[in-house]
Amino acid sequence: MTTPTIELKPSANPLSAAEREAILANPGFGRHFTDHMVTIKWTEGRGWHDGQLVPYAPISLDPATTVLHYAQEIFEGLKAYRRPDGSVATFRPEKNAERFQRSARRLAMPELPVETFIEACDALVKQDKAWVPAHGGEESLYLRPFMIATEVGLGVKPANEYLFLVIASPAGAYFPGGVKPVSIWVSEDRVRAVPGGMGDAKTGGNYAASLLAQAEAATKGCDQVCYLDAVEHQWVEELGGMNLYFVYGDKIVTPSLTGSILEGVTRDSLLTVARDLGYEAEEGRVSVEQWQRDSENGSLTEVFACGTAAVITPVGTVKRAGAEWKQSGGEPGEVTLRLRQALLDIQRGTAADTHGWMHQL
Ligand code: COI
């Protein structure tokens, strides 16, 4: 694999400091983008080439570009945090780079070298460092690396040309309520992914497949949909864009990776953070029946969702056909909040990074 250098072509018209500060005061999620982006091309026979850091701008695609028809696309999500001394660090970027390679293999796309993925993210964050929100709040800079098939033509086959990009967006809480508990609709008929499918790849198709059930969840008055396995329709898998954890007193359990669940970086990190705090942490199977029964008998004390965008979000209400129950009285649970704070302290640089997770720029 070749590793292209990234040539800098800075924007002649970056947003003014006053405009940027107005956005950073209330960024929301995924609504505003920084002044630059990285682009790197891949061509069959040539490999990766033409790495550039250029002004953020629309990209022009022929209407017959493969990605528009056959959805050969993968993406990642990671964050850069402002530390107390004003410096900036990203959280476990190599984990995202490795998952990006796994997703690429599953979608028959070329693998971007891990060091190029990290170099591209670093280059963008360094250039647009002023966009990393101040230390101390919920905000961070969300990075969205992605790759699309750019060959022009309607033949169904792996494309012979690709474009890798990284864009960045200042981000506040993913859910408008912040750490306010969210409500979950358990979908017992629609599935997100199937065995042998691509549920463990981070590809837009999985998110497209999740939207109808997500819209149905909204009609039930819920914030998020929870998917069950596609075979027995009873084992909890994940929410559309985040993983789930179940808290049984001093033990936390997350659904094991079955091939149809996305291996979240936050999910993985929490197994370690929880053990560091003295909790038992394990991967296992949890059925929807068990979820309801253990909530009703009180042994299941808390449930929370986790992901890069969602951080750790408590689950307050759960609904399924014919039943509805509250999780930890509908309030954020103590374990959930403790884990959330411990993880954020590492990410924001206010706790020791004992696992070497932070990548300082
Ligand atoms: C992330 O957490 O980074 C994701 O990609 C999930 C998406 C719902 C924003």
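The values are calculated or read from the model by the stated rules, or taken from the named source; none is laboratory data. The model shown is predicted, which means the values in this text are computed figures rather than measured ones. As a convention, Cβ positions derive from the backbone with ideal geometry for all residues, glycine included, and neighbour counts pool all protein chains shown.
Selection over the stretch 22-31 of residues that are away from the ligand (no atom under 14 Å from the Cβ) and under 17 Å from the mean Cα position of the chain (by Cα) gives a count of 0.
At least 2 residues being more than 29 Å from N13 (Cα to Cα) and within 19 Å of the chain's Cα centre (by Cα) is the threshold, and among the strands (runs of 3 or more DSSP E) wholly inside the stretch 42-152 those reaching it are 73-75.
Scanning the stretch 251-278 for residues that are in a loop (DSSP other than H, G, I, E, B) and without any contact (Cβ under 8 Å) to a residue 60 or more places away in the chain, we see that the one that is farthest from the ligand (Cβ to nearest atom) is G278. Restricting attention to the stretch 185-216, the residues that are within 24 Å of S287 (Cβ to Cβ), in contact (Cβ under 8 Å) with a residue 40 or more places away in the chain, touching a Ser or Thr at 6+ places or on another chain (Cβ under 7 Å) and within 16 Å of the ligand (Cβ to nearest atom) add up to 4. Is there a residue in the stretch 57-72 that is surrounded by fewer than 17 Cβ atoms within 10 Å (Cβ to Cβ), within 30 Å of L361 (Cα to Cα) and not β-branched (V, I, T)? Taking every residue of the stretch 57-72 in turn, at least one turns out to be surrounded by fewer than 17 Cβ atoms within 10 Å (Cβ to Cβ), within 30 Å of L361 (Cα to Cα) and not β-branched (V, I, T).
Restricting to the stretch 73-87, count the residues that are away from the ligand (no atom under 16 Å from the Cβ) and buried (at least 21 other Cβ atoms within 10 Å of the Cβ). Of the residues in the stretch 73-87, 1 are away from the ligand (no atom under 16 Å from the Cβ) and buried (at least 21 other Cβ atoms within 10 Å of the Cβ). Exactly one residue out of S269, S295 is within 12 Å of Y245 (Cβ to Cβ), among the polar types (S, T, N, Q) and touching a Phe, Trp or Tyr at 6+ places or on another chain (Cβ under 9 Å), and it is S269. Does the stretch 299-321 contain any residue that is in contact with a helix residue (DSSP H, G or I) (Cβ under 6 Å, 6 or more places away or on another chain), small (G, A, S), under 19 Å from G172 (Cβ atoms) and surrounded by 14 or more Cβ atoms within 10 Å (Cβ to Cβ)? Checked against the condition, which is being in contact with a helix residue (DSSP H, G or I) (Cβ under 6 Å, 6 or more places away or on another chain), small (G, A, S), under 19 Å from G172 (Cβ atoms) and surrounded by 14 or more Cβ atoms within 10 Å (Cβ to Cβ), the stretch 299-321 yields at least one hit.
Give the stretch 35-68 a look and list any residue that's in contact with a His (Cβ under 9 Å, 6 or more places away or on another chain) and within 27 Å of K126 (Cα to Cα), or say none. Steps first, answer last, please.
Taking the stretch 35-68 as the starting set, the residues that turn out to be in contact with a His (Cβ under 9 Å, 6 or more places away or on another chain) are 40-43, 53-56.
Across the stretch 35-68, the qualifying residues are I40, K41, W42, L53, V54, P55, Y56.
Give the residue, chosen from A342, A309, that is part of a loop (DSSP other than H, G, I, E, B) and within 24 Å of the chain's Cα centre (by Cα).
Values: A342 fails: part of a loop (DSSP other than H, G, I, E, B).
Going through A342, A309 in turn, the sole match is A309.
Please find, among A168, A201, the residue that is closer than 21 Å to V265 by Cα, at pLDDT 95 or above and in a loop (DSSP other than H, G, I, E, B). Let's see the steps before the verdict.
Values: A168 fails: in a loop (DSSP other than H, G, I, E, B).
None of the other options fit; the residue is A201.
If you go through the stretch 108-147, how many residues are of a type in the set (A, V, I, L, M), within 16 Å of the ligand (Cβ to nearest atom) and more than 23 Å from T5 (Cα to Cα)? Summing the residues that are of a type in the set (A, V, I, L, M), within 16 Å of the ligand (Cβ to nearest atom) and more than 23 Å from T5 (Cα to Cα) in the stretch 108-147 gives 1.
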